[in-house]
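J.: I have a structure here, written as structure tokens, and I will follow up with some questions on it.
Read the figures in this text as sums done on the coordinates, not as results from a lab. Quick caveat: nothing in here was measured; it's all calculated off a predicted structure. Cβ placement follows ideal geometry from the backbone for every residue including glycine, while neighbour counts extend to all protein chains displayed.
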Amino acid sequence: MIEDQNDVQDVSRRNLIAGIAAGGLVAALPGTATAGRLTMPHYKIHMVNAHTNEKFHGVYRIGNRYLPDAVRKINSFMRDFRTGDVRSMDPKLLDILASLQVRSRQQNPIEIFSGYRSPKTNAMLRKTSSGVAKKSYHMKGKAADLHIPGYSTSRLREIACDLGVGGVGYYPRSNFIHVDTGDVRTW
């Protein structure tokens with residue numbers, strides 16, 4: 001039996017979209033086809049920095065390609081607000097944040113309390129808090145502390161755990177979660 005080319009294209013398109021949806025990483029799929037070709041998925045994130053009130057709202061990745069200008073803006077956005085030090089953030093962390101946003105189905109931006117943390121800031125925080133690791137993933141640009149205003153932090157923790165990637169810490173008294181790109185673990 002000869003299949004109609006349009007049927008094959010529709011099945012391929014459905015398989016691609018289903019695969020992307022199962023991954024939970026895509027915030028938007030602009031258009032389904034252009035001149036008979038599928039467009040690449042756009043990975044989007046909407047964040048606000050709790051300390052500087054700066055915002056990032058936009059596409060940071062198309063398909064498998066991270067957009068250098070957007071990543072530079074995110075690195076600056078997630079800088080150590082105490083020292084002004086900037087570090088390259090792990091792109092996998094951005095994917096985790098985007099996944100949290102998509103899976104929570106929230107329009108509110110993710111509020112970031114801590115992204116990159118310089119060794120100086122980390123040492124200072126360790127003196128005042130028992131919950132700060134000596135070799136924190138924050139110092140490697142591989143962690144973020146966050147919540148979504150108006151959304152259950154315990155539910156956000158469940159979503160982060162369901163992703164099955166990296167570490168997830170839950171701080172209900174302070175109303176935030178920690179996510180990182182290290183080994184899968186929870187606390």
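J.: Rounded to the nearest 20 debye, what is the charge dipole size of region 57-186 about its Cα centre when +1 sits on each Lys and Arg Cβ and -1 on each Asp and Glu Cβ?
T.: With Lys and Arg at +1 and Asp and Glu at -1, about 360 debye.
J.: For Q107 and S130 in the same chain, what is the full-extension length gain: residue separation times 0.36 nm, less their Cα-Cα distance, in nm?
T.: Contour length minus the Cα-Cα distance gives 4.9 nm.
J.: Could you pull out every residue, at least 5 positions away or on a different chain, whose amide H is within less than 5 Å of the one on E111? Hs are placed 1.01 Å off N in the peptide plane, and Pro or chain starts have none.
T.: Hits under the 5 Å cutoff: V48, H147, I148.
J.: What is the spin-label model distance, in nm, from K55 to N75 if the labels are put 7 Å beyond Cα along the C-beta direction?
T.: 2.5
J.: If you look for lysine pairs in region 42-137 that are eight or more places apart or on different chains, how many of them have Cα atoms under 24 Å apart?
T.: 12
J.: If each residue of separation counts as 0.36 nm, what is the full-extension length gain between V184 and R82 once their alpha-carbon separation is subtracted?
T.: 33.8 nm
J.: Label I62 and D162 with points 7 Å out from Cα along Cα→Cβ: what is the distance between them in nm?
T.: Label-label distance for I62 and D162, simple model: 3.1 nm.
J.: Then there is this: Once you have the Cα-Cα distance between M40 and K92, take 0.36 nm times their residue separation minus that, and quote the gain in nm to one decimal.
T.: 16.9 nm
J.: Please identify the chymotrypsin sites (Phe, Trp or Tyr not before Pro) of region 94-160 that satisfy two criteria: DSSP loop assignment and at most 10 other Cβ atoms within 10 Å. Which are they?
T.: none
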